[in-house]
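Notes follow the structure.
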Amino acid sequence: MRYWLKFLGTALLAAAVALTALPITLDAAETPAKTLFGNKKLPAAMAAHSYGFYSKGCFSGGVAIATDGPTWQAMRLSRNRRWGHPAMIRLIEKLSREAQADGWPGLLLGDISQPRGGPMLTGHASHQIGLDADIWLTPMPNHKMSYAERENMSAVSMIKKGGLTVDDRLWTPAHAALIRRAAMYPEVERIFVHPGIKKKLCDTAKGDRSWLRKVRPFWGHDYHFHVRIGCQPGSQGCKEQEKVPAGDGCDKLDWWFTEEPWRPAKGPEKPKARDVMTMASLPKACRAVLDAPNPASEAAVTMGIDGGMVASAPAQLAPADSAAEPQVDTSAAPIAASAYADTPETGAPLPRPRPAN
Ligand SMILES: [Zn+2]
């Protein structure tokens, strides 16, 4: 009798172990895409391509912006969202440098993308194809922040508490100049800001106001603005967004200052897209992006100043036609970082040591 009980106990234990192991052995097709993409530490070592749409896609050939540069510091380093299409990363670096002329000492960088894009474990519907970046509306402090400071420092909302308009004690002409500068870059298609910020810009912009057209009112975006660039050459699988409507949009803000856009939604909360997306929801190419090899190292695909890489990579060049290749080739060996970046016009980039966190 006792032996029988012991046997039964062992059998039950084995069954229990099998049951706990079950979720892991389920077909990967059931796994949320956010889990698969959210756990990638490094980009897909292939030519740079965006696949799908800003809110449903992924990208290969990603590069990171260095955690620190002369005119920027990346925030919330634990999230590992300093990655983007090389064109996006180059643009951020350029904006950080050129905005100094507006009296903006440097950028604090929020989320760009995960190394291979895709839906994120938390936050953001978009930012999936490496062409979106959040930039804080707080200027860079004059000291190099520690890892802990970057995790814990709170962002400051530009909007009055409980209101919908900008807090004039916080807003400065330099804030406006920074957004204006970003909007003027031809590669930037949209900038998302809180409607109160758009209103402030509408009320104060002098001279050429055409750039206001790209500045779009949206929920959130009160402590940061969101820069979105267009699909890049060579990314055939990248789905263009709708063109921004004509006009500066300043006459279309009334709705935002009614109760309707801020009313809580009725009924049970709908599941978020990022929580239900599986690999089947994404472009086919994203499977290959997910399965592609890692680059040689993170440093080899981390960009510093002027589009140069922080670590010198082995002299291995991308095939000349790589930018146009529509198919993802997973059999390719990892491509050196230099393959992602255009050759800087200024010759060899200055080697910059990758700063420690
Ligand atoms: Zn954003």
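Only the coordinates and a few stated rules stand behind these numbers; no lab work does. Only a predicted model underlies this, so the values are computations on that prediction, with no experimental measurement involved. Glycine gets a Cβ as well: all are built from the backbone with ideal geometry, and neighbour counts include every protein chain shown.
What residue among Pro217, Pro271, Leu164 has its Cα farthest toward the positive end of the dipole of the range 46-307, where the charges are +1 on Lys, Arg and -1 on Asp, Glu, each on the Cβ?
Value computed over the given set: Pro271.
Compute the FRET efficiency between Ala101 and Leu253 as 1/(1 + (r/R0)^6), taking r as their Cβ-Cβ distance and R0 = 30 Å, and round to the nearest 0.05.
Calculated value: 0.55.
Per residue and in Å³, how big is the convex hull formed by the alpha-carbon atoms of the range 46-307?
Cα-based convex hull of the range 46-307, divided per residue, equals 142 Å³.
Once you've got the Cα coordinates, tell me which of Lys34/Lys144; Lys161/Lys199; Lys200/Lys252; Lys40/Lys144; Lys214/Lys252 are over 21 Å apart.
Among Lys34/Lys144; Lys161/Lys199; Lys200/Lys252; Lys40/Lys144; Lys214/Lys252, the Cα-Cα distance tops 21 Å for Lys34/Lys144; Lys40/Lys144.
If each of Glu151 and Ser78 carries a label point 7 Å out from its Cα toward its Cβ, how far apart are those two points in nm?
For Glu151 paired with Ser78, the spin-label model returns 0.4 nm.
In debye, nearest 20, what is the charge dipole magnitude of the range 46-307 about its Cα centre with +1 on Lys and Arg Cβ and -1 on Asp and Glu Cβ, if you could check? List each step's numbers first, then the result.
Numbers: 36 positive and 28 negative charges, 75 e Å.
Dipole about the Cα centre, nearest 20: 360 debye.
Would you mind calculating the gained length between His143 and Lys284 on full extension (0.36 nm times residue separation, minus the Cα-Cα distance), in nm to one decimal?
On the way: separation 141, 0.36 × 141 = 50.76 nm, distance 4.47 nm.
Gain on extension, His143 to Lys284, equals 46.3 nm.
Hey, rough spin-label estimate for Asp275 and Val244, points 7 angstrom out along Cα→Cβ, what's it come to in nanometres?
3.3 nm
Going by how many other Cβ atoms sit within 10 Å of their own, how do Phe225, Phe59 line up, fewest first?
Starting with the residue having the fewest Cβ neighbours, the order is Phe225, Phe59.
State the antiparallel share, in %, of DSSP beta bridges confined to the range 46-307, rounding to the nearest 5.
In the range 46-307, DSSP labels about 70 percent of beta bridges as antiparallel.
Taking the Cβ of Asp102 as the center, what net charge do the other residues with Cβ under 10 Å away carry, scoring Lys and Arg +1 and Asp and Glu -1?
Cβ neighbours under 10 Å give a net charge of +1.
What residue among Ser60, His175, Cys238 has its Cα farthest toward the positive end of the dipole of the range 46-307, where the charges are +1 on Lys, Arg and -1 on Asp, Glu, each on the Cβ?
Working it through, the farthest residue towards the positive pole turns out to be Cys238.
Simple spin-label model, 7 Å along Cα-to-Cβ: Arg169 to Asp306 in nm?
The two pseudo-label positions are separated by 4.4 nm.
Between Ala177 and Trp262, 0.36 nm times their residue separation minus their Cα-Cα distance comes to what?
Result for the pair: 27.8 nm of gain on full extension.
Give me the net charge for the shell around Gln241: Cβ to Cβ below 15 angstrom, other residues only, Lys and Arg +1, Asp and Glu -1.
Spelling it out: positives minus negatives among the neighbours equals +3.
Kindly put Trp256, Trp72 in sequence by how many other C-beta atoms sit within 10 Å of each C-beta, fewest to most.
Final ranking by Cβ density, sparse to dense: Trp256, Trp72.
Extension gain Ser210-Thr31, at 0.36 nm per residue separation less the Cα-Cα distance, in nm?
Details: separation 179, 0.36 × 179 = 64.44 nm, distance 4.49 nm.
Going from the current span to full extension adds 59.9 nm.
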